[in-house]
Amino acid sequence: MRLAVVGAGAFGEHHARVLGGMAGVELVAVADPNLERAQQVAGRFGAQAVADYRDVIGRVDAATVAVPTVLHVEIAEALLRGGLDVLVEKPMAADLEGADRLVSAARERDRVLAVGHLERFNPAVEAASRLARMPLFFEVHRMSPFTPRSLDVDVVLDLMIHDLDIILSLVESQIKLVQAVGLPVLTGQADIAHVRVEFENGCVANLTASRVSTERIRKLRFFQPRQYVSVDYSRQDAVVFGVGASREIEMRPLPVERGEPLEREMAGFVESVRKRTAPRVGGEEGRKALAVALTIRREMESHARVVAATLARHQP
């Protein structure tokens, strides 16, 4: 199977690394307007470098798109309509109109459209998800030290959207209420955010995300009747606590076969392309996570206006 990677930044380089070493796959090209950078990445994996992503149309079967979010729709839609199957990094678009364009293009051309929510492929998340019967409470923390990447979006679209996608995949209910606060610290957009999501079935999710933390934390916990499940994304381990026959709390680790989530995600995409099956995270799932993230952004903006008005009233 012939593939191309569009985007030679940090994410694109990892895409090229994984695809370049995958059995049954030929990495044909790496595309980036910065041709020198594209040559650096492509050269390491025996691929050709091109400056224009449109040059890969007709030469490959599928492509992955790892470019700034504002370019996702333009590039992914052109590739889909050019007959390619596409995996586009998260968030799939900057707005719902763009997400709908990608979903429509994939449907009209009968193409596979996958969205890069790679935490769905984290072995610990997979193990914990199999236990999720009726989650009623989530507590999620995703914290990272500051890095000068993905600054075209806020922390919700950059980091929290991973956890939103996972929660939405586990809770079989519509959202009832979203409350959110966020604060810009080192950029012009929210760098830290705290969110509360209430579902119609009574489930509540509390999420905190920061890209200005002093440490890296990736943890998700959910509670359901008689069980508590804790997941550490980074360590790829999961533990379940439950009430035993003697009514004492019992703890047991879940069996987890560790592996790189990106490798598993790319392998899943290639399998979907080869077998013409729906990807684990398709366009509709990517749109759903984006819709919640954009609702959170509006709530943060509304809260910021209230705070600004309060501060203005108390100015000397």
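Only Lys, Arg, Asp and Glu carry charge here, each on its Cβ (+1 for the first two, -1 for the last two); on that basis region 233-316 has a dipole of about 360 debye about its Cα centre.
Computed about the Cα centre, the dipole magnitude for the chain is approximately 480 debye when only Lys and Arg (+1) and Asp and Glu (-1) carry charge, each at its Cβ. Residue exposure proxy: Lys90, Lys176, Lys219, ordered by other Cβ atoms within 10 angstrom of their Cβ from fewest to most, comes out as Lys176, Lys219, Lys90. For the chain, modelled as a GNM whose springs connect Cα atoms under 10 angstrom apart, the maximal fluctuation among Val281, Val41, Val25 occurs at Val25.
Over every Cα atom in region 2-111, the radius of gyration and the widest Cα-Cα span, Dmax, amount to 12.9, 37 Å. Round to the nearest 10 and give me the degree value, 0 to 90, for the angle of helix 35-44's Cα axis relative to the longest principal axis of the chain. Rounded to the nearest ten degrees, it is 90. Per residue, the chain reaches -11000 deg cm²/dmol at 222 nm when only DSSP H runs of four or more residues are counted, each adding -39500 (n - 2.57).
Rounded to whole Å, give me the distance from the Cα center of region 42-58 to that of region 109-131. Comparing the Cα centres of region 42-58 and region 109-131, I get a distance of 27 Å.
If you take the square roots of the eigenvalues of the alpha-carbon gyration tensor of region 56-181 and sort them as a ≥ b ≥ c, do you get rounded (a/c under 1.5), prolate (a/b over b/c) or oblate?
On the way: a/c = 1.91, a/b = 1.56, b/c = 1.23.
Since a/c reaches 1.5 and a/b is larger than b/c, the shape of region 56-181 is classed as prolate.
Each of Ile217, Met1, Val239 was placed along the dipole of the chain (beta-carbon charges, centred on the mean Cα), and the one lying farthest toward the positive end is Val239.
Listed by Cβ neighbour count within 10 Å, with the fewest neighbours leading, Arg298, Arg109 appear as Arg298, Arg109.
For the chain, count the residues as N, evaluate 2.2 N^0.38 Å, and divide the Cα radius of gyration by that value, please. Could you put the intermediate results ahead of the total?
On the way: Rg = 20.6 Å, N = 316, 2.2 N^0.38 = 19.6 Å.
My calculation over the Cα atoms of the chain gives 1.05.
Residues considered: Arg226, Arg17, Arg133. Largest GNM mean-square fluctuation over the chain, using C-alpha springs under 10 Å, is found at Arg226.
Under 1.5 on a/c is rounded, so check that first for region 213-316, then, if it is not, pick prolate when a/b is larger than b/c and oblate when it is not; a ≥ b ≥ c are the square roots of the alpha carbon gyration tensor eigenvalues. The partial results should precede the final answer.
Values: a/c = 2.47, a/b = 1.31, b/c = 1.88.
Because a/c hits 1.5 or more and a/b fails to exceed b/c, region 213-316 counts as oblate.
Assuming a ≥ b ≥ c are the square roots of the Cα gyration tensor eigenvalues, decide whether region 119-207 counts as rounded (a/c under 1.5), prolate (otherwise, with a/b larger than b/c) or oblate. Because a/c hits 1.5 or more and a/b fails to exceed b/c, region 119-207 counts as oblate.
Just order 119-128, 251-260, 73-82 by mean Cβ neighbour count inside 10 Å, highest at the front, would you?
Values: 119-128: 22.8, 251-260: 12.2, 73-82: 21.2.
The packing order, highest mean first, is 119-128, 73-82, 251-260.
Here Lys176 is the anchor, and the lysines within straight C-alpha reach of less than 18 Å, apart from those fewer than 8 places off in the same chain, are Lys288. Tilt of helix 96-109 relative to the longest C-alpha principal axis of the chain, in degrees (0 to 90, nearest 10)? Result, in degrees: 50. Each of Val18, Met92, Leu102 was placed along the dipole of region 2-111 (beta-carbon charges, centred on the mean Cα), and the one lying farthest toward the positive end is Val18.
None of the figures in this text is laboratory data; all of them are computed from the coordinates on show. Please read all numbers here as calculations on a predicted model, not as lab measurements. Glycine also receives a Cβ, built like all others from the backbone with ideal geometry; neighbour counts cover every protein chain displayed.
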